[in-house]
Amino acid sequence: MTVATVERTELSDEQALMLARSVQALLKQREAPTREKHFAPVRRYMKQMRETIARDTGFDPGRINWSDPSFSAKQLRYAVEKTTRRRGLREANAETSFGQLLRYGVQHFLFDAYQQVETVMESVYEARPSSNRQEWYAPLYGAEVPEDVDAGGKFDDSRIRGLDVVVVNKKVGRILSIERELVDDDQTGQIVQRASRLGERMRYKEELDAVLEIVNARDYSTGAAATGYTSTIGNNGTGQGLSMRELELADIALTTMKDPLGNFFLVVPDTVLVGPANKINLYKLLNSAYQPAIPGASGETAATAGSGATGWTLTANWLQGRYTPVVSVFLAHQLILGTDYWFLMQAKKGAVIQNRDPLEVVQENPLSGQAFEFDSYRYRVRRRYRHRVIEPRFIYQGKGAQ
């Protein structure tokens, strides 16, 4: 009897990269409404700033084409001085008016670069508005399951366990200083670059905070900020690395996750977050049409694997299209102890980004303080927000690369 063998087709690294780019493009389209929602407060702030500057100075910054390659800060300054003299105002008014107009330009360059930075936090965190110093979040544990009650019987009270989690907003920012000489010598490109780089770094900071919070998640169910990933909770991997088998175990662990009362959380895993070390492996696992792994226990090969295992050559890959792949380079950042973490989770469940104040630019008076002493235009860039995993039982942490 002749047994026909079918050679299994696997994705090459080049094919995996092509699939990765296609998936990333689809993710951008899917996350576009979320990103717009995230940037909407900044747009409103810029609209208010435009109206304020136009009212205070008589110049409408919205009519200036800041993105024009021929834009010149020097020519703008001359125009402001000329208009100010024609109106019979003092030189101080011209200096103040130009500083405010340049502030709008700095905000324009900064925000344009800020929103161009690719991030993954919109795919993982639920965005929540905040109007206070801190916000309180009720525990995500359900009430006890209703019981059968006999005729004339007593209805027992339903207990709810868990403590409220308080999330305090934090403030981040930097000072952007633009020397007077950059304007006088018409070094507009330097102004644009400085503002743009600071905008990029502000977004960089937010994304790093988002990933650090996922890695260092805490469990607040007992009142103390205990480690969020433990074998006791059941959301901590075995350290065998990202593989088909480990994803199966992670899926089962999350699906059967229980709260302290013994009730199921009803977690629906839908996203896998990885760093560069696991990127190619993840795309192979999630995009292969056929089973991408050799069946068998740890250490077995195709030749030594025992019979009876589910799946073999040409077996349909149950992982295909099941989870959304999310890749963050920040999982390889030096502040994270380990470059091979991976996470299976239900996205936007139990993890929030709390937005208090949008990205904003505030100008220092150019006629006083350090701006006057150092002959520069100084702007304070600030933002208030906080990332927090309020319930780690919606996330499974694995470690190790294949």
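Read-outs throughout are calculated quantities, based only on the coordinates presented, and are distinct from any laboratory measurement. Note that this is a predicted model, so its numbers are computed, not measured. So basically every Cβ, Gly included, is an ideal-geometry build from the backbone, and we count neighbours across all protein chains shown.
Between Thr315 and Asp148, the modelled labels are 4.0 nm apart [label points 7 Å from Cα along Cα→Cβ]. Counting only other residues whose beta carbon sits under 12 Å from that of Arg133, what net charge do I get with K and R as +1, D and E as -1? Value of the local net charge: +3.
Between Asn263 and Met18, what's the calculated FRET efficiency when r is the beta-carbon distance and R0 is 60 Å? Round to 0.05. Once rounded, the FRET efficiency stands at 0.85.
Sum up the charges of everything whose Cβ sits under 12 Å from the Cβ of Asn216, counting Lys and Arg as +1 and Asp and Glu as -1, but leave Asn216 out.
Numbers: positive: Arg218, Arg388; negative: Asp209, Glu213, Asp219.
The answer is -1.
Between Thr256 and Arg133, the modelled label-to-label distance comes to 4.6 nm, taking each label 7 Å out from Cα in the direction of the beta carbon. With K and R counted +1 and D and E -1, the other residues having a Cβ less than 14 Å from that of Ala195 yield a net charge of +4. Go ahead and collect, in residue order, the members of the stretch 205-235 whose backbone nitrogen is under 11 Å from a label point 7 Å along the Cα-Cβ direction of Val117. Under cut-off, by backbone N: 205-210.
Cα centroids of the stretch 59-134 and the stretch 198-270: 40 Å apart.
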